[in-house]
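Asks: Shown below is the structure under consideration.
The values are calculated or read from the model by the stated rules, or taken from the named source; none is laboratory data. Just so we're clear, the structure is a prediction, and the values are computed from it rather than from any experiment. For neighbour counting, all protein chains shown are included, and Cβ atoms are generated from backbone atoms with ideal geometry for every residue, glycine included.
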């Protein structure tokens, strides 16, 4: 954030991911989807990468505390579970609901030390933008499960980033200057986000969505703030309070319950 504007940075990230995935696909002679499946993947990219990441980056850039933004987008597993039945016929069992609610409670405890309830960044616009990010992540996850699970992984992900690049680039060209303050931190962040998140992590997410129910997959996002707190402890010396440690345990138990509960699919 201190070294690049949010949508300029995301546009560069998406473009590099497209080039990298294109090279991988050509070398591996990966199959390419037809235009219909490619369009579905682009829609996923608009929601899951463009809207979700863009809105979160924008809200934080405009002063929304990271803890508040993490709590808002952390509600995504609950929303996915609510929508899974009417949109896809995935019935969430009572024990899974218990696990999802338990995970949300643990998430709240993990993020409690980072809450800032006062400040100019906590306003209606930033909160609304962050809610849009959560809705975008939810829509992308459900759309991927409903329409794009048969898309080849490498080339389908490439089309996702093509879809994500369109809105981020349009916003950056309209409202930003593409100014980058190049240094080691920015280069490391860009490399990490392209190679580890945009490629490896998204591959894993697409495989999980393909093989499991969206409510179970989404419950794993409860573990993100806990993992971040642990990494911050070792890398940046940030304190881990007893409340946070208890919250991590509760998150893990909630995810475990959600992932192991038997689920049934309704027939239509």
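Asks: Test each condition in (1) modelled with pLDDT under 95; (2) in contact with a helix residue (DSSP H, G or I) (Cβ under 6 Å, 6 or more places away or on another chain); (3) in a helix (DSSP H, G or I) for residue 86 and report the one that comes out false.
Replies: So residue 86 meets the others, but not (2).
Asks: Tell me the helices (runs of 4 or more DSSP H) entirely within the stretch 5-65 that contain at least 2 residues that are in contact with a strand residue (DSSP E or B) (Cβ under 8 Å, 6 or more places away or on another chain) and either crowded, with 19+ Cβ neighbours inside 10 Å or at positive phi (or both). Can you show your working first?
Replies: On the way: elements: 6-28, 35-45, 52-61.
By residue number, 6-28.
Asks: If you scan the stretch 150-180, which residues turn out to be more than 16 Å from residue 198 (Cα to Cα) and either buried (at least 23 other Cβ atoms within 10 Å of the Cβ) or touching a strand residue (DSSP E or B) at 6+ places or on another chain (Cβ under 6 Å) (or both)?
Replies: 151, 180
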